[in-house]
Amino acid sequence: MRSTAGPCGRIHRLVIRAVALLAAASLLTACGSGGDGTDGKGGGTADAKGADDGTTLTMWTRAATRPQSEGLVEAYNASHRNKIELTVIPTDDYQAKVGAAAGSRDLPDLFASDVVFVPNYTSSGLFADLTERIDALPFAEHLARSHLKAGTYEDKKYVVPHTLDLSVLFYNKELYRRAGLDPDAPPTTLGEWDRQARAVDALGGGVDGTFFGGNCGGCGVFTWWPSIWAAGEEVLNKEGTEASLASGTAKKVYATYRGWVKDDIVAPGAREETGTTWTGLFPKGRIGVMPMPSTTLGLMPGNLDLGVAPIPGPDGGTSTFVGGDALGISATSDSADQAWNFLAWSLGDTAQVDVVAAHKDVVARTDLASNKHSAEDPRLVTINRLVADGRTPYAPKFGQTFNDPNGPWLTLMRHAVFGDGSSVDQDNEAVTASLAD
C-alpha cells in the first residue's frame with residue numbers, strides 16, 4: 001500500500017497538527033496572503049502553461065507518495081529546462097515540517113498534502129491562488145472534482161490533484177470458484193458482499209471471508225464511508241463541522257461488520273489491526289473479498305487471480321473515497337509561473353498516460369480513464385472511472401477526529417463492531433463535538 005497516511009490509516013497526532021496550524025498562523029501574520037499566485041511577483045496574468053526558462057524549483061512530498069512524485073519529477077526534469085529538486089519527508093514528520101517552514105517563511109516552491117488535510121493549509125493561506133490558471137486548462141472540467149473541492153476555499157482554487165488513491169473491493173476469483181460463486185459477479189449490494197464472504201469462509205483450511213482494520217480510524221473512513229455514500233447519504237455536513245454517522249444506513253454497515261466479527265468470518269487480527277499490515281493479508285491468497293486502496297493493485301502477485309469492483313451500499317449503488325495527495329504552489333514562492341509549468345504539465349496527456357497510467361496508478365483526469373495502458377487491464381478502467389463519482393470529505397478538524405488513535409471516530413468504530421452497537425448515537429455526538437471544537 002503506497003498511500004499510508006490520511007484516509008488510508010497513518011496516525012496524525014494532535015501535537016503535530018497543532019504545530020502546523022500555529023506555524024500557519026505565524027505565516028499569515030508575517031506575510032499576509034502571499035500574492036495572488038498569478039506570477040512570481042504577485043501581479044499580472046501568467047501564460048496558461050507557465051514558464052520553462054531554466055529555473056530550479058524546490059518541492060516537498062511525503063514518503064507515502066514517493067514513487068508517484070519521483071516518477072513525475074524525473075520525467076519533467078528530463079524534458080524541460082526547469083529542474084525540480086524533490087525532497088521526500090517521512091510521512092509522520094510531514095505536517096510538523098510544513099508548519100515549521102510556514103512559520104519561518106521557508107516553504108518550498110511546491111508542496112503536496114494528504115488531500116484530507118488540504119483545508120487546514122488553504123484556510124491558513126499557505127498556498128497561492130490558482131483559480132485562473134486551473135480554469136484556463138483545456139481539460140479543467142475533467143480534473144478529479146473531489147480533490148479540487150477539497151482545495152477550494154472561499155470560492156478560490158489552491159491545489160490540483162497530484163496522486164489519487166481510491167477505495168475499491170478486491171476479490172479472489174480462485175476462491176470464488178472453489179466456493180461455487182461466479183468469479184465474474186462481484187457483490188453489488190452489502191448483502192451480496194456478506195453472502196459471498198461467508199461462502200468463501202466456509203471453505204475452511206485457513207481461508208477467511210474478509211478482513212478490515214478494526215483499530216485504524218483512517219481505514220474505517222476510507223472503506224466504510226463509501227457504503228454510506230452509495231446509498232445517497234452524507235457522512236458530514238458541507239462545512240465539515242457535524243457528523244451523520246448514526247443514520248439508519250450507517251448502522252446497517254456497522255451491523256454487517258459486527259456480524260462478520262461475531263461469526264468469525266473475519267481473518268484473525270482485525271481487532272488489533274492499526275493499518276500497518278492491513279493490506280498484507282489479501283496478497284497471500286487466503287481472503288475472499290475485502291476493500292483496499294487501489295494503489296495496491298500494482299503490488300499484487302502476478303499469479304493471484306483477482307477482480308476489482310466498486311464498494312456497494314446496503315441496497316446497491318457504488319461510491320469510493322478519493323484519497324491521495326494534492327499539490328500546490330506555496331504562497332511565498334518567487335517562481336510561481338515556473339512552478340505552474342510543472343503543475344500544468346503533470347496534468348497533461350503525456351504525464352498522465354505515460355507516467356501515471358504506465359505505473360498502474362489512477363489518473364487525475366476522467367477523460368483519460370480509458371487509455372493505452374489501462375486498456376490492457378480492465379480492472380484499471382474500473383478504478384479510473386470511479387474518480388468521477390468519488391468523494392473526498394471536507395473537514396478542517398479531520399485529523400483529530402478521524403485519524404487520531406484517541407479520537408472519537410475510532411471509539412465509534414470499535415463500539416459499533418466489537419461491541420453491541422448501542423452507543424452509536426452517543427458516539428456520533430462526540431464526533432460532531434470534535435469537528436466543531
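The values are calculated or read from the model by the stated rules, or taken from the named source; none is laboratory data. It should be emphasised that the depicted structure is a prediction, and the values quoted were computed from it without experimental measurement. Every residue, glycine among them, receives a Cβ derived from its backbone with ideal geometry; neighbour counts consider all protein chains shown.
Details
- Any pair with Cβ under 7 angstrom, 6 or more apart, that starts in segment 124-143 at a residue that is in the same structural domain as residue 159 (by TED's automatic domain parsing) and at pLDDT 95 or above and ends at one that is among the basic types (Lys, Arg) and surrounded by fewer than 21 Cβ atoms within 10 Å (Cβ to Cβ): 129/156; 131/156
- When residue 356 is tested against (1) outside the structural domain of residue 78 (by TED's automatic domain parsing); (2) closer than 30 Å to residue 51 by Cβ; (3) not acidic (Asp, Glu), just one condition goes unmet, and that condition is (1).
- Condition met for residue 403 (within 16 Å of the chain's Cα centre (by Cα), polar (S, T, N, Q), assigned by TED's automatic domain parsing to the domain that holds residue 221 and at negative phi): yes
- Taken across segment 151-168, residues that are buried (at least 18 other Cβ atoms within 10 Å of the Cβ), assigned to a helix (DSSP H, G or I) and in contact (Cβ under 8 Å) with a residue 12 or more places away in the chain do not occur at all.
- Just so you know, in segment 154-179 the residues that are among the charged types (D, E, K, R) and over 16 Å from residue 300 (Cα atoms) include one that is nearest to the chain's Cα centre (by Cα), and it is 157.
- So residue 72, is it at pLDDT 95 or above, part of a loop (DSSP other than H, G, I, E, B) and outside the structural domain of residue 193 (by TED's automatic domain parsing): no
- Members of segment 262-282 found to be outside any loop (DSSP other than H, G, I, E, B), over 21 Å from the mean Cα position of the chain (by Cα) and crowded, with 16+ Cβ neighbours inside 10 Å, listed by number: 266
- Positions within segment 283-298 being out of contact with any Asp or Glu (no Cβ under 8 Å at 6 or more places or on another chain) and either without any contact (Cβ under 8 Å) to a residue 60 or more places away in the chain or not in a helix (DSSP H, G or I) (or both), in sequence order: 283, 284, 289, 290, 291, 292
- Qualifying residue in segment 374-385 (condition: out of contact with any Gly (no Cβ under 8 Å at 6 or more places or on another chain) and over 17 Å from residue 168 (Cβ atoms)): yes
- Being over 19 Å from residue 314 (Cα atoms), part of a helix (DSSP H, G or I) and either outside the structural domain of residue 407 (by TED's automatic domain parsing) or touching a residue at least 12 places away in the same chain (Cβ under 8 Å) (or both) holds for only one residue in 259, 218, and it is 218.
Matching residues to (1) outside the structural domain of residue 151 (by TED's automatic domain parsing); (2) surrounded by fewer than 23 Cβ atoms within 10 Å (Cβ to Cβ):
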| position | (1), (2) |
| --- | --- |
| 329 | no, no |
| 336 | no, no |
| 345 | no, yes |
| 351 | no, yes |
| 362 | no, no |
| 422 | yes, yes |
| 430 | yes, yes |
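- Qualifying positions in segment 293-309 - buried (at least 17 other Cβ atoms within 10 Å of the Cβ) and at pLDDT 95 or above: 306, 307, 308, 309
- Given (1) crowded, with 16+ Cβ neighbours inside 10 Å; (2) modelled with pLDDT of 90 or more; (3) closer than 27 Å to residue 359 by Cα, number of the condition residue 8 does not satisfy: (2)
- For segment 178-199, a tally of residues being in a helix (DSSP H, G or I) and in contact with a Lys or Arg (Cβ under 8 Å, 6 or more places away or on another chain) returns 1.
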